[in-house]
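A.B. asks: Dumping the structure here so I can ask a few things about it.
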Amino acid sequence: MAGRKKPLVVITRKLPDPVETRMRELFDARLNVDDRPMTQPELVATVKEADVLVPTVTDHIDSALVEQAGPNLKLIANFGNGVNNIDVAAAARKGIVVTNTPNVLTEDTADMTMALMLAVPRRLTEGAGLLNADGRWAGWSPTWMLGRRIWGKRLGIVGMGRIGTAVARRAKAFGLSIHYHNRHHVAPAIEEQLEATYWESLDQMLARMDIISVNCPSTPATFHLLSARRLALLQPTAYLVNTARGEIIDENALAKMIQEGKLAGAGLDVFEHEPAVNPKLVKLAAKGKVVLLPHMGSATIEGRIDMGEKVIINIRAFFDGHRPPDRVLPDKV
Ligand code: 8YV
């Protein structure tokens with residue numbers, strides 16, 4: 001970009017230091033050192049002025065906001081894989097390119113999914129909580145703190161993309177048999193390697209699984225994909241894990257089912273109305289029925305630096321006149 005004016009890149013949240021340093025070198029970067037989420041009026045002022053917006057999952061880039069974008073705004077380079085926070089179609093209508101950060105958070109998110117898959121049936125947070133209180137316990141007992149075995153159970157993965165497949169690889173090593181529902185089969189070699197069973201019918205799969213892991217993107221088509229009707233298909237001994245997006249599950253229906261003993265428990269890293277957490281779920285967490293995490297799936301230093309690197313590469317490619325590698329097309333959302 002030698003000789004050209006540096007683009008004004010507004011980054012809505014604090015990013016890891018190495019990412020911010022590089023962004024300052026390359027761009028006219030406006031950082032958010034306090035990490036206070038931007039209000040909607042602040043976002044409006046930003047899109048009127050900026051050449052590039054770098055939002056995160058906490059920013060709602062809806063059509064009303066996109067409509068108010070100034071003529072300079074050419075690129076929305078999301079710091080995140082999921083783009084459910086952005087109206088990609090509205091951006092496309094306005095001639096604004098949208099990019100995301102796929103691949104680099106796959107393994108971290110799969111690890112966290114696995115952690116929740118273990119934590120709920122094996123009562124990890126309950127056990128840890130007991131010792132966290134005052135470090136005292138009555139001692140080992142053969143019938144105390146019994147959970148449920150993971151090995152030999154059936155895992156149903158809803159959404160067998162990059163993250164779903166990475167979850168399957170881990171889960172297989174833990175002795176789970178792999179089942180999945182997806183719009184299409186994964187490549188035969190992967191299906192064979194994972195000894196995975198494809199279910200065309202989500203309903204059929206749900207009714208037969210011991211653990212369900214939600215790993216599909218949040219789109220209008222997947223809103224409440226796990227509706228009250230579908231959740232009712234699950235076995236009462238089943239567990240549900242969600243590290244994708246809260247909107248995919250009818251959270252009220254889920255809480256009600258666990259409360260009524262119609263489902264064994266859930267591990268949730270994402271919520272329908274983040275950052276708010278359904279009070280019914282909080283109550284269930286206190287009873288050890290659910291494990292709740294504050295959207296930590298990709299929260300590793302390495303992952304967040306890699307995500308920042310992707311954002312930078314996308315911006316650079318765009319301003320060098322190339323197609324950014326992680327462009328998100330409206331018909332793919
Ligand atoms: C990110 C995520 O932390 O990338 C995603 O889709 O869900 C998270 O792991 C978040 O989106 C950052 O914007």
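A.B. asks: Could you identify the single residue in GLY95, GLY135 that is in the same structural domain as SER213 (by TED's automatic domain parsing) and surrounded by fewer than 19 Cβ atoms within 10 Å (Cβ to Cβ)? Write out each step before concluding.
C.D. replies: Working: GLY95 fails: in the same structural domain as SER213 (by TED's automatic domain parsing).
Unique residue meeting the criteria: GLY135.
A.B. asks: When the residues of region 73-90 are narrowed to those that are within 16 Å of the ligand (Cβ to nearest atom) and among the small types (Gly, Ala, Ser), which ends up nearest to PHE318 (Cα to Cα)?
C.D. replies: Checked region 73-90; the qualifying residue nearest to PHE318 (Cα to Cα) is ALA77.
A.B. asks: Please verify whether region 227-235 includes one or more residues that are within 16 Å of the ligand (Cβ to nearest atom) and not in a loop (DSSP other than H, G, I, E, B). Reasoning before the result, please.
C.D. replies: Initially, region 227-235 is screened for residues within 16 Å of the ligand (Cβ to nearest atom), giving none.
So far as region 227-235 goes, no, none of its residues is within 16 Å of the ligand (Cβ to nearest atom) and not in a loop (DSSP other than H, G, I, E, B).
A.B. asks: Kindly establish whether ALA171 is in contact with a Leu (Cβ under 6 Å, 6 or more places away or on another chain) and not in a loop (DSSP other than H, G, I, E, B). Give the derivation first.
C.D. replies: Working: in contact with a Leu (Cβ under 6 Å, 6 or more places away or on another chain): yes; not in a loop (DSSP other than H, G, I, E, B): yes.
Taking the combined requirement at face value, the residue satisfies it.
A.B. asks: Now, a different point. Please report, ordered by residue number, the helices (runs of 4 or more DSSP H) entirely within region 1-67 with at least 1 residues that are touching a strand residue (DSSP E or B) at 6+ places or on another chain (Cβ under 6 Å) and farther than 19 Å from VAL83 by Cβ. Walk me through it before giving the result.
C.D. replies: Working: elements: 17-26, 40-49, 63-67.
Where helices (runs of 4 or more DSSP H) fall fully within region 1-67 and carry at least 1 residues being touching a strand residue (DSSP E or B) at 6+ places or on another chain (Cβ under 6 Å) and farther than 19 Å from VAL83 by Cβ, they are 17-26.
A.B. asks: Among what's in region 275-333 and is within 11 Å of the ligand (Cβ to nearest atom) and among the polar types (S, T, N, Q), pick the residue that is surrounded by the fewest Cβ atoms within 10 Å (Cβ to Cβ).
C.D. replies: THR300
A.B. asks: Can you tell which of ASP111, ASP62, ASP134, ASP51 is out of contact with any Lys or Arg (no Cβ under 9 Å at 6 or more places or on another chain) and either modelled with pLDDT of 95 or more or not charged (D, E, K, R) (or both)?
C.D. replies: Details: ASP111 fails: out of contact with any Lys or Arg (no Cβ under 9 Å at 6 or more places or on another chain); ASP134 fails: either modelled with pLDDT of 95 or more or not charged (D, E, K, R) (or both); ASP51 fails: out of contact with any Lys or Arg (no Cβ under 9 Å at 6 or more places or on another chain).
ASP62 is the lone residue from the list that is out of contact with any Lys or Arg (no Cβ under 9 Å at 6 or more places or on another chain) and either modelled with pLDDT of 95 or more or not charged (D, E, K, R) (or both).
A.B. asks: Kindly indicate whether any position in region 99-113 is among the aliphatic types (A, V, I, L, M) and in contact with a Phe, Trp or Tyr (Cβ under 8 Å, 6 or more places away or on another chain). Even if it seems obvious, please write down each step before you answer.
C.D. replies: If we filter region 99-113 for residues that are among the aliphatic types (A, V, I, L, M), which is where we start, we get 104-105, 110, 112.
Then keep just the ones that are in contact with a Phe, Trp or Tyr (Cβ under 8 Å, 6 or more places away or on another chain); that gives none.
Scanning region 99-113 turns up no residue that is among the aliphatic types (A, V, I, L, M) and in contact with a Phe, Trp or Tyr (Cβ under 8 Å, 6 or more places away or on another chain).
A.B. asks: What number of residues within region 80-136 are part of a loop (DSSP other than H, G, I, E, B), of a type in the set (Gly, Ala, Ser) and closer than 23 Å to ALA299 by Cβ?
C.D. replies: Here the count works out to 2.
A.B. asks: Mind listing whichever residues of region 243-253 are polar (S, T, N, Q) and in contact (Cβ under 8 Å) with a residue 60 or more places away in the chain? Write out each step before concluding.
C.D. replies: Step one: of region 243-253, the residues polar (S, T, N, Q) are 243, 252.
Within region 243-253, THR243 is the sole residue that qualifies.
Quick grid of which residues meet (1) within 27 Å of VAL270 (Cα to Cα); (2) among the hydrophobic types (A, V, I, L, M, F, W, C); (3) in contact (Cβ under 8 Å) with a residue 24 or more places away in the chain:
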position	(1), (2), (3)
ALA29	no, yes, no
GLN40	yes, no, yes
LEU43	yes, yes, yes
ALA50	no, yes, yes
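Let's see how each residue does on (1) of a type in the set (Asp, Glu); (2) crowded, with 19+ Cβ neighbours inside 10 Å; (3) more than 16 Å from the ligand (Cβ to nearest atom); (4) outside any loop (DSSP other than H, G, I, E, B):
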position: LEU146; (1), (2), (3), (4): no, no, yes, no
position: ILE190; (1), (2), (3), (4): no, no, yes, yes
position: ASP203; (1), (2), (3), (4): yes, no, yes, yes
position: GLU247; (1), (2), (3), (4): yes, yes, no, yes
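The values are calculated or read from the model by the stated rules, or taken from the named source; none is laboratory data. Remember, predicted model here, so these are calculated numbers, not experimental data. Cβ sites come from the backbone with ideal geometry, for glycine too, and all protein chains shown count toward neighbours.
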